[in-house]
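The structure appears right after this line, and notes come after that.
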Amino acid sequence: MRWPVVILGALGALALWFWAFGGADQIAGFAITAQRDVQNAMAAALRGLRAGEPGALATLWGLCFAYGFVHAVGPGHGKLVIGGYGAGTRVPARRLAGLALGASLAQSLTAVLLVYAAVFLFGWGRAQMTGVADDVLAPLSYALIGMVGLWLLLRGVRHLRPAHDHTHHGDSEVCSSCGHAHGPTLKQAETVRSWRDALIVIGTIAVRPCTGALFLLILTWRLDIVWAGIAGALIMGLGTASITVLVAFAAVGFRESALQLVSHSAVARTLAWVEILAGGTVLILASQLVLRSI
């Protein structure tokens, strides 16, 4: 049995457990409980830091990384964007991992900007900031993710339509019938640079700040240890990135495994269908998230 078939079968079984047998709810429950426990531990570490206890800062930042990790383990929109984009677009794994890292850190910076803009310009407290993040920014972020899914779906349809109706003779990179390449080579994929795509991916994730980062930044502001909170929020982003980067590599592995199952002549058409499937999946899931958040 070929390894791509094994990989695709394992991913299919995982998806079935995740969506049909309550796997998503089990993971979400674990993540919520773990986040609450880590938040309590962070509050204790902050009190120790304020009191000058040795090792309190290292403990706080370690907890920040742990919070970002368990936050990312639960079903979330960051993994949805990275996974959908990576599966539907032939972007190299390292570049997609870089986008995942950049998006997680940008999400932390959004939390910093929201907290200090709210504090100094509007005089808001934790409840108001969390309300804006959950009631306004969350639906907006999910709606933008839905647009990303629609964008991938329509792009896949557009790529599928001009896929040549004639037979591609031979397995060379250029079609002997029309003189066109039916799919990008690995070297070509490595040189693709689209700032528009990168901004879309990062922006849809960064729009909604992490609630844990808001919690940390507000407490550190009140305790007058602002620098520890900002650094902690960024470390929290690194914890989140540890999961989203893995999702990036998994998405690329799924995509390339699928492409290994087809001949070179069918790569362009297969990529278009993968893009349509990824876009449709992202659109459906994002729509569900929007409905849950309003």
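Across the range 32-37, coupling constants 3J(HN,Hα) worked out from phi with the 6.51/-1.76/1.60 Karplus curve, θ = phi - 60°, read 5, 4, 5, 4, 4, 5 Hz, and Gly and Pro carry x. Ordering 207-215, 37-45 by mean Cβ neighbour count within 10 Å, with the highest value first, yields 207-215, 37-45. In a fully extended conformation the segment linking T33 and R158 would gain 40.6 nm over its present Cα-Cα distance, using 0.36 nm per residue. Note that the range 79-85 has calculated 3J(HN,Hα) couplings of 5, 5, 5, 4, x, x, 5 Hz, one per residue in order, obtained from phi through the Karplus relation 6.51 cos²θ - 1.76 cosθ + 1.60 (θ = phi - 60°); glycine and proline are x. Counted residue by residue at 0.36 nm each, then reduced by the alpha carbon distance between them, the extension gain from A41 to A58 reaches 4.9 nm. Scaled against the 2.2 N^0.38 Å expected of a compact globular protein of N residues, the Cα radius of gyration of the range 232-294 reads 1.52.
Each peptide in 79-92, 104-117 gets a packing score, the mean of other Cβ atoms within 10 Å over its residues, and the list from highest to lowest is 79-92, 104-117. Taken one residue at a time, the phi angles of the range 57-70 give Karplus couplings (6.51, -1.76, 1.60, θ = phi - 60°) of 5, 4, 4, 4, 5, x, 5, 4, 4, 5, 5, x, 5, 5 Hz. Gly and Pro are set to x. Sorting L121, L216 by the number of Cβ atoms found within 10 Å of their own Cβ, with the fewest placed first, yields L121, L216.
Each reported figure results from applying straightforward, stated rules to the coordinates on display, with no laboratory input. Source: prediction; values computed, not measured. Positions of Cβ are backbone-derived with ideal geometry, glycine not excepted, and every protein chain shown enters the neighbour counts.
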